[in-house]
Structures are given as C-alpha cells and as structure tokens.
Amino acid sequence: MENRREFMKKATAVAAFGLVADWACAVPEKDKFGDILPQRQLIRNGEKVTAFCLGGYHLGFTENPKDAEEMIERSMELGVRFFDNARGYHNGRSEEYMGRFLTPKYREQAFLMTKAPARTGKEVRQQLDESLKALKTDYVDLWQIHALQTPKDVDDRIKAGVLDAFLEAKEKGKARYIGFTGHRSPKTHLHFLSKLDELGIELDTCQMPLNVCDPSFESFQHHVLPVLLEKKYGVIAMKTMAGGSMMGGRIDTTPKNIKTKDIPDVVSKTELTHANLHQYVYGLPVSSLCSGCRFTYELEENVQVLKDLKKLSESDMKKLETYAAPYAGLIVENYKRVLT
C-alpha cells in the first residue's frame with residue numbers, strides 16, 4: 001500500500017492534467033434557473049458536473065409525490081444539476097419521481113445518471129428501456145453497470161453480454177457516457193479495470209465508496225482511486241457517511257446479525273462532524289460527491305458544505321482519518337465484504 005504522501009502526489013499530478021477541477025471548486029456559473037453549484041470535470045472530453053450530486057435512492061423512500069417534487073425543486077433552486085438514480089430503486093419509484101418532476105422542466109439543464117444491476121445483456125437492455133420510460137427521456141447522460149460484487153461476478157457479466165450492451169447503448173445514443181459502480185471490495189474494481197485493459201476498452205466513470213473510514217480498511221481510496229486517475233476516469237464518491245452507518249444507524253446492507261446498539265455513532269464519539277465528513281471527500285480528487293437526502297434540510301446542509309468549502313491541508317485530512325480509524329471495518333462499513 002502506498003503511503004498517503006505518495007498517493008496525494010500522484011493524485012495532484014493527474015489533477016494538473018485537467019481530469020479533476022480544482023479541489024476547492026471553481027466560481028459558480030449560471031443557467032436560466034439561477035446559480036449553479038461549483039463544478040468539476042467528470043468526462044475526459046472536459047464535460048463538467050456539479051460537485052454535489054443528489055442521490056436517487058433516498059428520493060424513493062417517500063410515498064408522497066409532493067415531497068419528491070419539493071426535493072427536486074429545492075435541488076434546482078440550490079444549484080444542483082447532477083442527479084443519480086438506478087433501475088430498481090424502490091421498485092422504480094425513484095426514477096418515476098424524476099421522470100415526473102425533473103425531466104419535463106429541467107432536462108436540458110440536468111445531467112441525468114441511472115444504473116442497471118441486471119447480469120445479462122438482454123436484461124440490462126430491458127432495464128435501460130424501462131429507465132428511459134420512467135425518466136421520460138430518450139437518453140441518459142450517464143448509464144452505469146451497477147453494483148459489481150466479486151471478480152467472478154465481473155467475469156460472468158462480461159461473458160453474459162452486459163459490457164457489450166453498455167457499449168451498444170453508447171454507440172446508439174441512448175447513453176452519452178458509460179461507467180460502473182460497486183462497494184464490496186477494491187479487488188473487484190481492480191479486476192474489472194484489468195479486464196477492460198485486456199479488451200482495449202475504456203469506460204468513462206466509476207462510482208465507489210470514499211469516506212474517512214475507508215483508508216483504514218479494504219481501501220478504495222488507496223487501491224482504486226490512483227488507478228482511476230491514471231486512466232482519467234471521472235470518479236463519483238458515494239457512501240460518504242457510510243450510508244448513515246457512521247451515525248449509528250442501520251442501512252440496507254447492515255447484516256441481520258449486527259445489532260443496532262453495536263453500530264457506533266462515529267460522529268458523536270469523535271471530533272468528526274457531518275460537515276467535515278463531506279469536506280474530507282471533497283478534499284480528494286473526485287469529480288462529484290453523491291449523497292441521498294431524506295429531507296430538504298439535509299439537502300440544504302450538504303449544499304452549504306460545498307458552498308463554504310475550503311481546501312483541507314494534508315495534515316487536516318490525516319487528522320480526520322485518525323479520528324475515524326478505530327471505527328473502520330465491517331460494522332460501520334458493512335457494505336464492504338472481504339474477498340480472499
């Protein structure tokens with residue numbers, strides 16, 4: 001494992017070539033709906049997205065369409081222009097909400113992402129068609145292979161035509177860009193990137209867990225991020241608060257054998273705050289931070305962190321990692337699985 005100084009030196013060198021915008025973010029721009037949040041480069045061709053992306057999973061928790069509409073409208077008011085989703089989030093409700101409240105008014109301004117979890121080419125093609133119908137659009141800006149699990153899962157999906165279906169969708173204009181996601185193990189990501197090298201294929205983006213606990217256990221930051229930067233992938237950070245597990249809560253990946261009382265509230269036990277959890281991730285060379293919000297006040301707090309962002313020093317970053325290190329591992333980061 002390379003040490004932090006070597007990692008930051010490499011990341012800074014790659015950033016200098018323009019893959020990632022300045023870590024403190026640029027001056028906000030405007031569109032016809034108002035100020036846009038600071039943007040960072042996502043795609044090799046220079047295309048940028050807002051450094052904060054509204055996660056789609058949490059949007060589907062509400063059964064009241066008015067609440068979903070309020071969240072989307074408030075996101076636009078606050079300058080968010082990057083929106084995440086996936087086929088299957090809440091049985092399609094998350095995509096349907098965006099199709100109802102986002103794309104009819106804001107399609108030209110919104111960078112729209114969704115993902116397909118199916119494991120065969122035929123099934124992911126069907127999921128893309130379902131996503132486009134739910135989202136009420138004829139293309140997505142970014143379509144990602146969703147939740148790669150293990151190296152075997154990578155091999156099986158490639159063999160079953162998933163990668164071919166994604167390349168086809170990009171060629172046909174149903175997806176402007178394509179990428180992949182996963183949160184189980186860095187080994188899975190590295191295996192997929194190696195397979196892509198063998199095939200002579202480059203995707204555009206990768207979405208993966210990045211947070212203050214990650215450097216201390218099965219680290220995507222240490223093992224995968226430098227490789228992605230060298231290959232000039234856009235990096236989308238997720239699980240930036242471990243899905244809420246850092247605050248002692250159960251999340252969708254928490255194993256049943258872990259009791260709620262055994263999940264430590266890392267924030268209350270340390271000098272970490274909700275704000276510096278996100279400040280830490282923005283201090284990494286990522287293109288965007290994707291975070292789900294159940295309530296508009298959470299959205300407003302997250303956006304304010306970006307608006308007030310100041311670049312953290314290397315010692316500041318290390319201090320935050322030190323606070324979190326005792327809590328890293330399979331209880332807080334329960335979405336990870338150790339692969340032998």
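The values are calculated or read from the model by the stated rules, or taken from the named source; none is laboratory data. Fair warning: this is a prediction, and the values are worked out from it, not measured in the lab. All Cβ positions, even for glycine, are placed from backbone atoms using ideal geometry, and neighbour counts span all protein chains on display.
Residue check: is L190 of a type in the set (A, V, I, L, M, F, W, C), under 30 Å from P215 (Cα atoms), surrounded by fewer than 23 Cβ atoms within 10 Å (Cβ to Cβ) and out of contact with any His (no Cβ under 9 Å at 6 or more places or on another chain)?
Details: of a type in the set (A, V, I, L, M, F, W, C): yes; under 30 Å from P215 (Cα atoms): yes; surrounded by fewer than 23 Cβ atoms within 10 Å (Cβ to Cβ): yes; out of contact with any His (no Cβ under 9 Å at 6 or more places or on another chain): no.
Against the criterion (of a type in the set (A, V, I, L, M, F, W, C), under 30 Å from P215 (Cα atoms), surrounded by fewer than 23 Cβ atoms within 10 Å (Cβ to Cβ) and out of contact with any His (no Cβ under 9 Å at 6 or more places or on another chain)), L190 does not qualify.
The number of residues in the range 25-72 being touching a Phe, Trp or Tyr at 6+ places or on another chain (Cβ under 7 Å), part of a loop (DSSP other than H, G, I, E, B) and of a type in the set (V, I, T) comes to 1. All of L132, L112, L54, L142 fail the test of being within 29 Å of L309 (Cα to Cα) and without any contact (Cβ under 8 Å) to a residue 60 or more places away in the chain, apart from L112.
For (1) surrounded by 15 or more Cβ atoms within 10 Å (Cβ to Cβ); (2) closer than 29 Å to S94 by Cα; (3) at pLDDT 95 or above, each residue gets a yes or a no:
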{"position": "G243", "(1), (2), (3)": "yes, yes, no"}
{"position": "D252", "(1), (2), (3)": "no, yes, no"}
{"position": "K310", "(1), (2), (3)": "no, no, no"}
{"position": "P326", "(1), (2), (3)": "no, no, yes"}
{"position": "T340", "(1), (2), (3)": "no, no, no"}
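Looking only at the range 317-340, how many residues end up being of a type in the set (K, R) and under 20 Å from the mean Cα position of the chain (by Cα)? Break it down stepwise before answering.
So the first thing to find is which residues in the range 317-340 are of a type in the set (K, R), and the list is 318-319, 336-337.
Subset that is under 20 Å from the mean Cα position of the chain (by Cα): 336-337.
So the count comes out to 2.
The combined condition, being touching a Leu at 6+ places or on another chain (Cβ under 7 Å), of a type outside the set (F, W, Y) and free of Cβ contacts under 8 Å to residues at least 40 places away in the same chain, is fulfilled by L196.
So that you can scan it fast, the table gives a plain yes or no per residue for (1) within 23 Å of C293 (Cα to Cα); (2) over 21 Å from the mean Cα position of the chain (by Cα):
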| position | (1), (2) |
| --- | --- |
| L190 | no, no |
| V224 | no, no |
| I258 | no, yes |
| I263 | yes, yes |
| S268 | yes, yes |
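Across the range 185-218, the number of residues qualifying as small (G, A, S), touching a Lys or Arg at 6+ places or on another chain (Cβ under 7 Å) and closer than 26 Å to E314 by Cβ comes to 0.
Go through V212, V235 for me and flag whichever is touching a Cys at 6+ places or on another chain (Cβ under 8 Å), closer than 20 Å to G55 by Cα and touching a residue at least 60 places away in the same chain (Cβ under 8 Å).
V235
Any residue that is hydroxyl-bearing (S, T, Y) and closer than 30 Å to N45 by Cβ - is there at least one of those in the range 239-249?
Initial filter on the range 239-249 (hydroxyl-bearing (S, T, Y)): 240, 245.
Restricting the remaining residues to those that are closer than 30 Å to N45 by Cβ gives 240.
Yes, the range 239-249 contains at least one residue that is hydroxyl-bearing (S, T, Y) and closer than 30 Å to N45 by Cβ.
Flag: I236 does not match the condition of being over 20 Å from the mean Cα position of the chain (by Cα) and at pLDDT 95 or above. Within the range 279-304, residues that are without any contact (Cβ under 8 Å) to a residue 60 or more places away in the chain sit with their Cβ atoms under 7 Å from residues that are part of a helix (DSSP H, G or I) and of a type in the set (A, V, I, L, M), at 6+ positions apart or across chains, in these pairs: Q279/V305.
A count restricted to the range 37-64 and to residues that are touching a Lys or Arg at 6+ places or on another chain (Cβ under 7 Å), under 22 Å from G244 (Cβ atoms) and hydrophobic (A, V, I, L, M, F, W, C) stands at 2. Any residue at all in the range 46-69 that is over 23 Å from V281 (Cα atoms), of a type in the set (K, R) and more than 15 Å from the chain's Cα centre (by Cα)? Yes. Scanning the range 304-340 for residues being under 14 Å from C213 (Cβ atoms) and of a type in the set (A, V, I, L, M, F, W, C) gives a total of 8.
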